[in-house]
Amino acid sequence: MADHGAAGRLSAPPDEDPIVLEQKRAAARAAVEMIRAGMRVGLGTGSTFAHLLPLIAELDFHRGLRCAATSPATEAAAISLGLRVEPLDSLGELDIAVDGADQVDPRTWVVKGGGGAHTREKIVAAAATRFVVIVSADKVVEHIEPPVPVELVPFGVEHTLATLSPAQLREGCVSPDGGLLGDYLGPVGDPRTLAGRLSATAGLVEHGLFPPEMVSEVLIGEQGGVRRQEGAKA
Ligand code: 5RP
């Protein structure tokens, strides 16, 4: 499980298991194969995505890519590697977006937001023709479990938390859009029912449950290779 820390972090824990590290790298290597010259590319956030960024920057045609970033940390890293980052709204529809995840279930429900960037990540994923998720094998779960990340409007946040209960804020974590970052900690059950309930909660900006219809493909780094799991998005 990713550490639920500051918004938009790109780094992995210093004591990361070398097997997990290699699985993240393998998934990133598989994803870079999907990037073509001239594409408009959505850049994700997190330590798995951080392995992909330099691979994109090494592509011969990287200067012709037009990228939108899901977090200030990714934007800064991408620019420092020579990638062209533009506001999402100047790019129209993206050809592809690639991002990490905290959990992936067999039906391709995905949980994101361990790094607190799930609101922008969901907007970028929705703006992309293809949304590709890259994960190490430890992110694969039989059933989605709490925590499910949430971003909340600061006004009346105690009421919103009481409605969501059990839920808690991540101390000092604020999104780049001014939302308070936290986690829903109650039972998940059917992810679609929970996603509907969370979306209908007043004061909740966005939650980290991504339905299969938002996901084109998951690239799972496993020992011995990369396994592909199809989502329900073309
Ligand atoms: C950030 C995210 C990340 O993609 C997710 O938390 C996975 O991070 P990592 O690759 O570091 O485990 O959703 O909001």
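The values are calculated or read from the model by the stated rules, or taken from the named source; none is laboratory data. Computed from a predicted structure; not experimentally measured. Every residue, glycine as well, gets a Cβ built from its backbone with ideal geometry; the counts of neighbours run over all protein chains shown.
Look at region 137-167 and say how many of its residues are within 30 Å of ILE220 (Cα to Cα) and touching a Leu at 6+ places or on another chain (Cβ under 8 Å). So the answer is 8. Test ILE220 against the criterion of being surrounded by 15 or more Cβ atoms within 10 Å (Cβ to Cβ) and part of a strand (DSSP E or B), and give yes or no. Here the answer is yes, as ILE220 does meet what is asked. Each residue in region 148-194 was checked for being buried (at least 19 other Cβ atoms within 10 Å of the Cβ), within 21 Å of the chain's Cα centre (by Cα) and either among the aliphatic types (A, V, I, L, M) or under 15 Å from PHE210 (Cβ atoms) (or both), and 12 of them qualify. I'd like the full set of residues that are small (Gly, Ala, Ser), away from the ligand (no atom under 15 Å from the Cβ) and more than 22 Å from VAL32 (Cα to Cα), limited to region 106-163. If the condition is that a residue be small (Gly, Ala, Ser), away from the ligand (no atom under 15 Å from the Cβ) and more than 22 Å from VAL32 (Cα to Cα), then GLY156, ALA162 are the ones that fit. Restricting LEU10, LEU81, LEU91, LEU21 to those that are hydrophobic (A, V, I, L, M, F, W, C), at pLDDT 95 or above and in contact with a helix residue (DSSP H, G or I) (Cβ under 7 Å, 6 or more places away or on another chain) reduces the list to LEU81.
Between ILE79, ILE96, which is in a helix (DSSP H, G or I) and of a type in the set (A, V, I, L, M)? Working first, answer last.
Numbers: ILE96 fails: in a helix (DSSP H, G or I).
From the options ILE79, ILE96, the qualifying one is ILE79.
Having 2 or more residues that are at pLDDT 95 or above and among the hydroxyl-bearing types (Ser, Thr, Tyr) is the bar; report the strands (runs of 3 or more DSSP E) wholly within region 150-211 that clear it. Let's see the steps before the verdict.
Working: elements: 167-174, 180-184, 204-207.
Counting at least 2 such residues, we get no strands (runs of 3 or more DSSP E) at all.
Residues in region 71-96 that are in contact with a Ser or Thr (Cβ under 8 Å, 6 or more places away or on another chain) and within 15 Å of the ligand (Cβ to nearest atom): SER71, ALA73, THR74.
Among the residues of region 39-50, is there at least one that is over 14 Å from ASP99 (Cα atoms), touching a residue at least 40 places away in the same chain (Cβ under 8 Å), charged (D, E, K, R) and out of contact with any Pro (no Cβ under 9 Å at 6 or more places or on another chain)? Within region 39-50, one or more residues are over 14 Å from ASP99 (Cα atoms), touching a residue at least 40 places away in the same chain (Cβ under 8 Å), charged (D, E, K, R) and out of contact with any Pro (no Cβ under 9 Å at 6 or more places or on another chain). Just one of the listed residues (PHE61, PHE49) is surrounded by 19 or more Cβ atoms within 10 Å (Cβ to Cβ) and of a type in the set (Phe, Trp, Tyr), namely PHE49. Checked against (1) surrounded by fewer than 19 Cβ atoms within 10 Å (Cβ to Cβ); (2) within 16 Å of the chain's Cα centre (by Cα); (3) more than 15 Å from the ligand (Cβ to nearest atom), CYS67 passes all but condition (1).
Just wondering, is there one or more residues in region 165-178 that are within 16 Å of the ligand (Cβ to nearest atom), outside the structural domain of ASP102 (by TED's automatic domain parsing), touching a Ser or Thr at 6+ places or on another chain (Cβ under 9 Å) and under 16 Å from GLY44 (Cα atoms)? Yes: one or more hits.
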